[in-house]
Amino acid sequence: MYTVLIILGVLVALVVLLALIAPKTYHVSRSVILDHDPVKVWPHLKFLKKQQEWSPWAKKDPNMELTFTGVDGEIGAISHWNGNKDVGEGEQEITKIKEGERIEQDLRFFKPYKSQSDCYMNLDAVDGTKSKVTWGFSGKNKFPMSIMMLFMSMDKMVGKDFEQGLQNLKNNLNSDI
């Protein structure tokens, strides 16, 4: 019995130690330079329906259910999705807009697990005729997910999806020429 208590005590101490050293937050972002004026790029970032045209997750499940509420491109607009195991279920809500420069969204996942992240897209002019889009998100790692993040990387988990989405955006804009 004494041995079992020692083992349990060591396990509890290990979990507490891991929880203390585990990352409490995450931030992932990627950028791309586009050969287009920011005025042409902005609608692809501002409107939730236009985002679906280049979203890497829309391509992972072209049959996912999508619903939109509110006025697209305005604060309070929501895109809700329910898809296969690759995209899960969740919604994004526009929370802040700095016209022509930045859009912020609240990203809420319901399945396969519940979480919340703050998402943003920045648009910067480059050399007068080009644009730089930076797409990112950040959030908090709650226990026990924080311990899992000692062995996993949010950047590695979604960074490639961000890169693919930005490449899709670039391809879509280039095909519109």
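The values are calculated or read from the model by the stated rules, or taken from the named source; none is laboratory data. It should be emphasised that the depicted structure is a prediction, and the values quoted were computed from it without experimental measurement. Cβ coordinates were reconstructed from backbone atoms using ideal geometry, including for glycine residues, and neighbour counts include every protein chain displayed. Side chains included, ligands, DNA and RNA excluded: accessible areas come from the protein's heavy atoms. Shrake-Rupley method; radii C 1.70, N 1.55, O 1.52, S 1.80 Å.
Contact map, the range 63-85: first residue within 20 Å of Pro112 (Cβ to Cβ) and in contact (Cβ under 8 Å) with a residue 12 or more places away in the chain, second residue among the small types (Gly, Ala, Ser) and surrounded by 13 or more Cβ atoms within 10 Å (Cβ to Cβ), Cβ cut-off under 6 Å, separation 6 or more or different chains; pairs are Met64/Gly83. Of the residues making up the range 70-79, those that are buried (at least 17 other Cβ atoms within 10 Å of the Cβ) and in contact with a Leu (Cβ under 7 Å, 6 or more places away or on another chain) are Ala77, Ser79. Can you pull out every residue in the range 13-34 that is more than 15 Å from Asn141 (Cα to Cα), modelled with pLDDT of 75 or more and either touching a Pro at 6+ places or on another chain (Cβ under 6 Å) or open to solvent by 70 Å² or more (accessible area, probe 1.4 Å) (or both)? The one that is more than 15 Å from Asn141 (Cα to Cα), modelled with pLDDT of 75 or more and either touching a Pro at 6+ places or on another chain (Cβ under 6 Å) or open to solvent by 70 Å² or more (accessible area, probe 1.4 Å) (or both): Ile33. Restricting attention to the range 121-135, the residues that are assigned to a strand (DSSP E or B) and surrounded by fewer than 18 Cβ atoms within 10 Å (Cβ to Cβ) total 7.
Of the residues that make up the range 142-165, is at least one modelled with pLDDT of 90 or more, touching a Lys or Arg at 6+ places or on another chain (Cβ under 6 Å) and not basic (Lys, Arg)? The answer is yes; a qualifying residue exists.
Against the list (1) under 23 Å from Ser138 (Cα atoms); (2) surrounded by 17 or more Cβ atoms within 10 Å (Cβ to Cβ); (3) at pLDDT 90 or above, the condition Met64 fails is (1).
Considering only the range 43-54, how many residues are out of contact with any strand residue (DSSP E or B) (no Cβ under 6 Å at 6 or more places or on another chain), in contact (Cβ under 8 Å) with a residue 40 or more places away in the chain and within 18 Å of Thr95 (Cβ to Cβ)?
0
Restricted to the range 35-53, and to residues there that are at pLDDT below 95 and not in a helix (DSSP H, G or I), the residue that is least open to solvent (accessible area, probe 1.4 Å) is His36.
In summary, Ile94 fulfils each of the numbered conditions (1) under 26 Å from Val41 (Cβ atoms); (2) open to solvent by 20 Å² or more (accessible area, probe 1.4 Å) with the single exception of condition (2).
Which is open to solvent by 70 Å² or more (accessible area, probe 1.4 Å) and free of Cβ contacts under 8 Å to residues at least 40 places away in the same chain, of Gln116, Gln164, Gln105?
Working: Gln164 fails: free of Cβ contacts under 8 Å to residues at least 40 places away in the same chain; Gln105 fails: open to solvent by 70 Å² or more (accessible area, probe 1.4 Å).
None of the other options fit; the residue is Gln116.
Got at least one residue in the range 60-74 being farther than 18 Å from Phe110 by Cα and in contact with a helix residue (DSSP H, G or I) (Cβ under 8 Å, 6 or more places away or on another chain)? Yes; the residues of the range 60-74 include at least one that is farther than 18 Å from Phe110 by Cα and in contact with a helix residue (DSSP H, G or I) (Cβ under 8 Å, 6 or more places away or on another chain). In the set (1) open to solvent by less than 60 Å² (accessible area, probe 1.4 Å); (2) closer than 22 Å to Val126 by Cβ; (3) part of a helix (DSSP H, G or I); (4) not β-branched (Val, Ile, Thr), the condition left unmet by Gly100 is number (3).
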